[in-house]
Amino acid sequence: MKNKMPVHKAFLLQVCEDYQASAIILAHLQNSGEKTYKESRPLFLSTPFCGAPFFMLLQMSVEKLSKAAYCKARGIAGKLPPKEHDFVLFLEAVLARNPNFQAFRDRHASTFRFLREELNTRQPSNVRNHMENLEYPWIDNHGHVHCPARHLSLIRKYLNNALNRNIMIYMRDIRELLESFEKIFNRV
């Protein structure tokens, strides 16, 4: 039985789900009013919601976008890409070789730096022991237990202080990349 859906399209569908979920979380954090993000509480939980899943979902969406690019660029139709998680560099390399999208990559260098240095380095399978990650609790070198919901440095850096403007730019750039996928990768 032949696959009816190309593998890259299956990844793109999941990218849309992950990206939209991250955007919903970001909108919730923005609309939490005058409260600080640590005081923003969904009605059904007594634990303050800080937004760590936003970064996890955003990282997952970019990873899947990169895997969709990998499948499309390599012409993979009936099998899945490698199970690696460090795909942002591949995405950048594909865009760098594509004359139709080099300008995007160059114009949005700060977004790719954020993806490469902030999100990709905190993906659980890319993190060394005793270092923070986007998904699981970790134990630091001093034996202290930390968890993303309370100790993820990205929350302080990008979600506090009236929602750092850069995160909105990164979200817009990732959305543009997703919406331009077919145009970009049909010419690879």
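Show me the helices (runs of 4 or more DSSP H) entirely contained within segment 100-188 in which 1 or more residues are out of contact with any Gly (no Cβ under 7 Å at 6 or more places or on another chain) and among the acidic types (D, E). Give the steps one after another, and end with the answer.
Values: elements: 102-107, 109-113, 148-151, 160-163, 165-179, 181-185.
So the answer is 102-107, 165-179, 181-185.
Going by what's in this entry, would G33 be described as at pLDDT below 80 and in contact with a Ser or Thr (Cβ under 9 Å, 6 or more places away or on another chain)?
yes
Answer with yes or no whether A10 is surrounded by 13 or more Cβ atoms within 10 Å (Cβ to Cβ), in contact with a Leu (Cβ under 7 Å, 6 or more places away or on another chain), of a type in the set (A, V, I, L, M, F, W, C) and modelled with pLDDT of 85 or more.
Against the criterion (surrounded by 13 or more Cβ atoms within 10 Å (Cβ to Cβ), in contact with a Leu (Cβ under 7 Å, 6 or more places away or on another chain), of a type in the set (A, V, I, L, M, F, W, C) and modelled with pLDDT of 85 or more), A10 does not qualify.
F114 - would you say it is buried (at least 17 other Cβ atoms within 10 Å of the Cβ), modelled with pLDDT under 90, hydrophobic (A, V, I, L, M, F, W, C) and closer than 22 Å to I184 by Cβ?
It is false that F114 is buried (at least 17 other Cβ atoms within 10 Å of the Cβ), modelled with pLDDT under 90, hydrophobic (A, V, I, L, M, F, W, C) and closer than 22 Å to I184 by Cβ.
If you scan segment 87-107, which residues turn out to be without any contact (Cβ under 8 Å) to a residue 40 or more places away in the chain and touching a helix residue (DSSP H, G or I) at 6+ places or on another chain (Cβ under 8 Å)?
The answer is F87, V88, L89, F90, L91, E92, A96, Q102, R105.
With respect to R172, is the statement that it is of a type in the set (D, E, K, R), within 20 Å of Q20 (Cα to Cα), in contact with a helix residue (DSSP H, G or I) (Cβ under 9 Å, 6 or more places away or on another chain) and loosely packed, with under 15 Cβ neighbours inside 10 Å true? Explain how you work it out, then say what you get.
Values: of a type in the set (D, E, K, R): yes; within 20 Å of Q20 (Cα to Cα): yes; in contact with a helix residue (DSSP H, G or I) (Cβ under 9 Å, 6 or more places away or on another chain): yes; loosely packed, with under 15 Cβ neighbours inside 10 Å: yes.
Criteria met by R172.
So is K64 surrounded by 18 or more Cβ atoms within 10 Å (Cβ to Cβ), within 27 Å of R128 (Cβ to Cβ), touching a helix residue (DSSP H, G or I) at 6+ places or on another chain (Cβ under 6 Å) and not polar (S, T, N, Q) or not?
Yes.
The values are calculated or read from the model by the stated rules, or taken from the named source; none is laboratory data. Computed from a predicted model, the values in this text were never measured in an experiment. As a convention, Cβ positions derive from the backbone with ideal geometry for all residues, glycine included, and neighbour counts pool all protein chains shown.
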